[in-house]
């Protein structure tokens, strides 16, 4: 088999060389370094902003409301973000969204350092951040395959998850140390986050356009009817392509029940384990470590197998249910490791499955469906889990979260067996190229390349 320059051939099974295949691409190396720096800053800001809101209001409900405001634009505008991702050059679009987010971080720093910040201002900035994320998230995920090509996209998606979860471990720790060093001043975290965006913006600017696997741009919609038709192409593709529909529905359902860590884990630490903020931090770190291990395992495995989606949901569900009964802090930390492992094993594999199944001209719109379902279901589930914890107790909410995730995993496993039986391939087979039927499912007017 011949291979293209700059590409490595994945080895079957767990192999050391599999873990770094995406790094053979210069553009991805730049992306990786920039994202790692920027995401550490992002996690620093999240910790500092939560602390700032609690200092201003002493009301956890306001903190939850700000989180919901940040997610709401993704839920409402996410599909349009996918259309923008397909219609405009992704690299330039990402440079624009990252510049806007950098500006928002500097604005928040200015408000805090001048002691003029008010809660309503944080709400406005959260909404603005959510609007830019509605474009940034599907564009950034769709851009992955342009940097590395289809052959290495599974490795790149897994490494992206590793970046995110590695930063989730490092960022909060640096934020805590930094805020403590400056005597409780949270503004420095916002300043550092603002400067961290420069790393990823410079990385995008330094990329070689000729090395990108960019598809031809679609016809840009010129009327409301054309916008509606173009959006419908992405939705039609998801509905008619059963494997993509399976992973999207699975991730949406499991996110609703089982991936509300910002609600369930603090309540578990406070009301069940009766630990302090440091204990809560250990639980969150455990989920981050489990997530990082899952992402690296997928990266080094060399293949993306759809079977991991239901299995990850099952592991997550069992671990959540177990955390309701184990009682002791050490065993709960172990359960949190499996919670993080199952969640990212499912989500990263689902992302890769879609990346490999979708035709290039529909990539942004189809991924926007996935991100809208994934991101949008979490705050809705958070309200449900919060109500259950408040009404029936934290253990009851964890049991429901675990049972819902477990049930969806079992349903997804049976659904996947049926799909693979019709295709005549085992359910452990790696994700492949888009089928002819899949391509035709999304070949409406908005999908035609120029």
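The values are calculated or read from the model by the stated rules, or taken from the named source; none is laboratory data. These numbers were taken from a predicted model, which means no experiment stands behind them. Cβ atoms come from the backbone with ideal geometry, glycine included; neighbour counts cover every protein chain shown.
Does residue 166 satisfy the condition of being part of a loop (DSSP other than H, G, I, E, B) and modelled with pLDDT under 90? Spell out how you get there, then give the answer.
Values: part of a loop (DSSP other than H, G, I, E, B): no; modelled with pLDDT under 90: yes.
Spelling it out, it is not the case that residue 166 is part of a loop (DSSP other than H, G, I, E, B) and modelled with pLDDT under 90.
Can residue 176 be described as at pLDDT below 85 and either crowded, with 19+ Cβ neighbours inside 10 Å or assigned to a loop (DSSP other than H, G, I, E, B) (or both)? Can you show your working first?
On the way: at pLDDT below 85: yes; either crowded, with 19+ Cβ neighbours inside 10 Å or assigned to a loop (DSSP other than H, G, I, E, B) (or both): no.
When the stated conditions are applied, residue 176 does not pass them.
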Does any residue of region 300-317 turn out to be free of Cβ contacts under 8 Å to residues at least 24 places away in the same chain and within 17 Å of residue 397 (Cβ to Cβ)?
no
Evaluate region 222-242: report whether one residue or more is outside the structural domain of residue 338 (by TED's automatic domain parsing), under 30 Å from residue 25 (Cβ atoms), in a loop (DSSP other than H, G, I, E, B) and at pLDDT below 80.
no
Condition met for residue 117 (touching a residue at least 24 places away in the same chain (Cβ under 8 Å) and not in a helix (DSSP H, G or I))
yes
Being closer than 20 Å to residue 264 by Cβ, within 21 Å of the chain's Cα centre (by Cα) and assigned to a helix (DSSP H, G or I) is the requirement here; does residue 406 meet it?
yes
Out of (1) farther than 22 Å from residue 213 by Cα; (2) in contact (Cβ under 8 Å) with a residue 40 or more places away in the chain, the odd one out for residue 100 is which?
(2)
Is it fair to say residue 293 is in contact (Cβ under 8 Å) with a residue 24 or more places away in the chain, surrounded by fewer than 19 Cβ atoms within 10 Å (Cβ to Cβ) and within 19 Å of the chain's Cα centre (by Cα)?
yes
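Name the one entry in 148, 124 that is under 23 Å from residue 293 (Cα atoms), assigned by TED's automatic domain parsing to the domain that holds residue 69 and modelled with pLDDT of 90 or more.
On the way: 124 fails: under 23 Å from residue 293 (Cα atoms).
So the residue among 148, 124 that is under 23 Å from residue 293 (Cα atoms), assigned by TED's automatic domain parsing to the domain that holds residue 69 and modelled with pLDDT of 90 or more is 148.
Somewhere in region 344-355, is a residue assigned by TED's automatic domain parsing to the domain that holds residue 241, more than 18 Å from the chain's Cα centre (by Cα), touching a residue at least 40 places away in the same chain (Cβ under 8 Å) and assigned to a helix (DSSP H, G or I)? Write out each step before concluding.
Pass one, region 344-355, residues assigned by TED's automatic domain parsing to the domain that holds residue 241: 344-355.
Those left that are additionally more than 18 Å from the chain's Cα centre (by Cα): none.
Within region 344-355, none of the residues are assigned by TED's automatic domain parsing to the domain that holds residue 241, more than 18 Å from the chain's Cα centre (by Cα), touching a residue at least 40 places away in the same chain (Cβ under 8 Å) and assigned to a helix (DSSP H, G or I).
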